[in-house]
Each structure stands twice: as structure tokens, then as C-alpha cells.
Amino acid sequence: MISMLTFCSDMQELLEIRRASKITAANLSEDKWLMEFYDKLEDFKNKIKEDKNQDIICYELIKNEGISYAKYIRKCYEQAMLILMSDDSISPIEYIRPDIMPAGLIVKPATKERINKVIWEVFESYLEKIENNDMENVYIVSDKEGKVTIPYNKIMYFEARNKKIYIRYGNEEIGFYESIENIEKELEEKFIRTHRSYLVNRKMIRKIKLSYNLIELKSNIEIPLSRKYKNSVKSMELIGGRYDS
């Protein structure tokens with residue numbers, strides 16, 4: 001799933017960005033998209049705090065705090081495509097810089113033509129990046145509604161539940177039909193089986209609690225560790241995590 005988060009204080013411009021984004025996404029890709037649009041800065045900031053998994057962000061630079069918050073966004077979302085909105089009261093020198101790195105600029109007051117052009121260019125660039133550079137680093141789920149492309153570095157685990165497989169990534173999950181054994185064979189270098197129902201991203205493991213038969217992942221998520229898989233987990237080299245006896 002491709003996610004987009006937008007803040008624009010002007011409701012007319014926000015609606016135009018929403019229209020252009022939905023039409024462009026439908027024209028360029030079969031992927032599922034999750035798009036959220038805010039005209040209140042506080043609501044946008046709350047979303048930034050709670051969800052660090054955004055692929056494209058459109059942010060209006062607000063006077064006084066706009067540049068500093070754009071830096072914060074880039075720090076939170078190092079790989080995201082960032083579209084900035086700004087009027088001529090802020091010099092481009094302030095935001096065309098390495099610690100912000102915008103992928104596109106919409107000059108305010110924004111015209112329909114400019115919004116269409118920037119949205120198309122950024123979406124096209126993002127999709128080309130996925131297709132050309134990152135296909136080995138993503139897991140793709142396809143169904144009748146479209147295609148969901150999830151980078152491995154966002155996936156916490158695969159879980160077998162209710163005759164389906166569920167991928168947990170960030171605060172989201174998606175279900176599809178497959179066997180966990182097939183996924184394990186396909187992804188054994190990146191993921192490790194910890195339980196008959198769980199296949200865990202090796203890079204997400206923060207702590208292995210052997211005496212409690214639990215594995216602690218980032219974001220304080222705990223996954224069961226069964227006796228059957230205990231030895232293979234113990235022999236695994238942790239990346240940034242540790243064992244508790």
C-alpha cells in the first residue's frame with residue numbers, strides 16, 4: 001500500500017490536491033493507496049507523531065515554524081517523497097537544502113495546472129523508484145482490488161490467522177491467502193520462524209526473552225517463541241538486539 005499525507009491550510013487548494021492525487025494514482029498504478037488530507041496543522045502533526053510509515057508527504061510551509069518542521073518531517077521520513085507548498089515570502093534557499101530535500105514544489109497561490117504537474121511528476125518518480133530500484137526489497141500482495149507493495153523494512157511479521165496470512169507493518173495490517181510455509185521458504189534470509197503462526201523480520205527483533213518464550217520487536221510488540229523454533233532463534237545472529245536468559 002502506498003500512503004500519502006497532506007497538509008494545506010487553504011481548503012480550495014487542499015481539495016484540488018485531493019482530486020489530482022486520486023486521479024493521478026488511478027492513472028499511473030494498480031497499487032492500493034491510502035491518502036489523508038488535513039487543513040488543520042495540529043491534526044497533521046498528530047498524524048506525523050503516530051505514524052512513521054508515509055511514502056509521499058505534501059506539506060505547506062507555515063511562517064515562523066515551517067522550515068524547522070519541514071526538517072523534522074524529513075528526519076522522521078528519510079525515504080519519503082516530500083512536496084512543499086510555499087508562497088514568495090519564504091526564499092527557496094531556506095528549503096532547497098540537504099536536510100529537507102523536497103521532491104516537488106507547489107507555489108502558492110496554487111493553480112490547478114501547477115498542482116496537476118507536481119503531483120504527476122512526484123507520483124511517477126516514486127513509482128519508478130519502486131519498480132526500478134527496490135523490487136528486491138518489497139513484498140507484493142495482489143488481489144481483485146489491486147496491488148499492495150510493502151517494503152521489507154516496514155514489515156514487522158507475517159501471522160497465520162483464520163486461514164489467511166496477515167502482514168503487520170507499522171500500525172496497519174493486510175490479509176491474503178497463502179501458506180506461511182511458502183512465505184518462509186521465499187524469505188528465509190530476511191525472516192525467521194518463531195512459532196507455527198509467526199514469521200518475524202530479523203531486523204525488527206529488539207530482544208529475545210528465552211525464559212518467557214517471547215520475542216520483543218520494535219514498538220514494544222511481543223511475539224510468542226515456541227519450543228520447536230527456540231534453537232534456531234538462539235543460533236541467529238541478532239542485528240542490534242540482545243538475548244535475555
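Structural remarks
- Cα long-axis angle, helix 11-28 against the chain (0 to 90 degrees, to the nearest 10): 50 degrees
- Distance in nm between pseudo-label sites at Glu131 and Ser68 (7 Å out along the Cβ direction from Cα): 4.2 nm
- Cα convex hull of segment 37-89, projected area averaged across orientations, nm²: 3.6 nm²
- Dividing the convex hull volume of the alpha-carbon atoms in the chain by its residue count gives 142 Å³ per residue.
- Against the main long axis of the alpha-carbon atoms of the chain, helix 112-133 sits at an angle near 30°.
- Remark: the chain carries 55 Å² of accessible area per residue (probe radius 1.4 Å; ligands, DNA and RNA excluded).
- Computed from point charges on the beta carbon alone (+1 for Lys and Arg, -1 for Asp and Glu), the dipole magnitude for the chain about its Cα centre is near 1240 Debye.
- Backbone amide hydrogens, once placed in the peptide plane, bring Arg206 within less than 5 Å of Glu216, Leu217, Lys218, excluding anything fewer than 5 places away on its chain.
- Taking the accessible area of the chain, probe 1.4 Å, and keeping the other protein chains in place, the carbon and sulfur fraction comes to 46%.
- Helix axis angle, 66-76 relative to the chain longest principal axis, alpha carbon, degrees: 20 degrees
The values are calculated or read from the model by the stated rules, or taken from the named source; none is laboratory data. The model shown is predicted, which means the values in this text are computed figures rather than measured ones. Neighbour counts are summed over all protein chains in view; Cβ atoms, including those assigned to glycine, are modelled from backbone coordinates with ideal geometry. These accessible areas exclude ligands, DNA and RNA; they are computed on the full protein's heavy atoms, side chains included. Shrake-Rupley method; radii C 1.70, N 1.55, O 1.52, S 1.80 Å.
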